[in-house]
Structures are given as C-alpha cells and as structure tokens.
1. Quick one: Phe45, Phe213, fewest Cβ neighbours within 10 Å first, how do they rank?
2. Could you work out the relative contact order of the chain? I mean the mean sequence separation of Cα pairs under 8 Å and 6+ apart, divided by the number of residues, in percent.
3. Note the angle between two axes, namely the Cα long axis of helix 106-116 and the longest principal axis of the Cα atoms of the chain, as a number of degrees from 0 to 90, rounded to the nearest 10.
4. In what sequence do Val173, Val7 fall when counting other Cβ within 10 Å, fewest first?
5. Percent antiparallel among DSSP beta bridges with both residues in the chain, to the nearest 5?
6. Modelling each spin label as a point 7 Å along the Cα-to-Cβ direction, I'd like the Glu182/Glu93 distance in nm, to one decimal.
7. Tell me the trypsin sites (Lys or Arg not before Pro) within region 1-79 that lie in a loop according to DSSP and have at most 14 other beta-carbon atoms within 10 Å.
8. For region 1-112, what does the alpha-carbon gyration tensor say about shape, rounded, prolate or oblate, given a ≥ b ≥ c as the root eigenvalues, a/c under 1.5 as rounded, and a/b over b/c as prolate?
Amino acid sequence: MRNRILVIDDEKAIADIVKFNLEKEGHIVETAYDGEDGFKKVSKFNPDLILLDIMMPKKDGFQVLKEVRVNSQVPVIMLTAKEEEVDKVLGLELGADDYVVKPFSMRELMARVKANLRRVDFSGSSQTDDLIQLNGLEIDLIKYEVRKNGEIVELTLREFELLKFLASKSGQVFTREQLLEEVWGYEYYGDIRTVDVTVRRLREKIEDNNGEFKYIMTKRGVGYYFGR
C-alpha cells in the first residue's frame, strides 16, 4: 500500500536520503526543513505518518508535535540526535508513537516505519465482528476506534495497540518487556520506561478522574493487565 509520509528535519541531507529510501519502498514522500514549514505541510499533505526531528529552527519538534496532536492522531516517529532520557520521555508524553536516535541505520528506520503504519493499512470493511466490549469500553478493531460510554476517545496508534492487546487478554499480567515485544512489534532499542509513559497517557484518557483504575491495572513488581 502506498502511504503518504512527511519527513520534517532541518538536516537536508538526512531528510533527502530518508525520502529516497521511503520512495524506494513505494511510499509518497514530502519533506520540510524547519518546524514551521513542516506543520503547515501536515494539513496540506495529510500524511499517514510523520518523521519528526526534535532540534529544528523556527519550531522545534516538541512544539510541532503538540500542535499536530490538537487535531490529529497520525502516527509520529521522533528523530533525535540526543540520547538523553528526558527527550525520549517528553516526546512520548506529548503523544509521539515512537522515536529513533541518530545516527540510525536505514534498515532500523524502515522497520519502525512499517510497524507504525499498521493502523492506516486496516480494511475499510463495515463488518462489526471485531469489537471488544469490556467494562464500558468499546474497542473497534476494524475502525481503530475506542468509545467510553458512547463517546469516542482519541488515542494514538501506540495507545490503541496497547489497549487492544491488554483488553484482548483480560486478566493476564504482562511484564514491560513482554509488552514491548508484543505491542511495539520489533526488537526495541529503548528502555521499559516507554511502556510506563504510554500506560500513563492511556490511563489519563480512559480512566475515571477519581484516582482509581478499573481498566489498566498494575501488578506490583510484575507489570500490567486489563481488569476483568
């Protein structure tokens, strides 16, 4: 399937070589070399996935991500030259689905792109069989939609995949390492805090605002599970 991918990176050489390799894979690619132009192209190009650098002129990647997330849940992979944990966590907190640390291998980047494009490859069928209903939540596996008490809950790709996985195995406890393998879908080069950040964001969106959890539960010293 030909997907539309927007590459936003002020290092023109990197953006252009990424564009070249993505086009070899059959994708339609647009580039932007600063955050301001990149954000403008989000609405004009309507991408299926965004590769977003952090350190850029005019608007940095974090600012662009915040503005994108106001109206869109398009998968976003952050590109960063920094290995500092604060940058990775902040990107995930703001709604990034993934990140790749420069310098990266093109094989690794292509694998991340493929994994994060799974949502836009779903069938447009109107069938309603693929529906998980638990504790007031409806998880539509065809439309990639989540509803709580009839209201749509806007989730990123990674949040949806994590919720779908846990809900489909309700009551079963998974370690963070297992969740990285099962949900992220490839050998992950980050650390297990990625899971904790995603769980926290997911809880903020689906749990009641009373300090108690009934969906994503913690098994102390082990990991997470979906409450029965």
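Bear in mind that the values in this text are calculations on the coordinates, not laboratory data. Everything numeric here is computed off the predicted structure, so don't read it as measured data. Quick reminder, even Gly has a Cβ in these numbers, built from the backbone with ideal geometry, and neighbours come from all protein chains shown.
1. On the way: Phe45 17, Phe213 14.
Fewest-to-most ranking of Phe45, Phe213: Phe213, Phe45.
2. So the answer I get is 14 percent.
3. The answer is roughly 40 degrees.
4. Values: Val173 15, Val7 26.
Ascending Cβ contact count within 10 Å gives the list Val173, Val7.
5. On the way: 17 of 34 bridges.
Taking every DSSP beta bridge within the chain, about 50 percent pair in antiparallel fashion.
6. 2.8
7. Sites meeting the loop and neighbour criteria: Arg2, Lys58.
8. rounded
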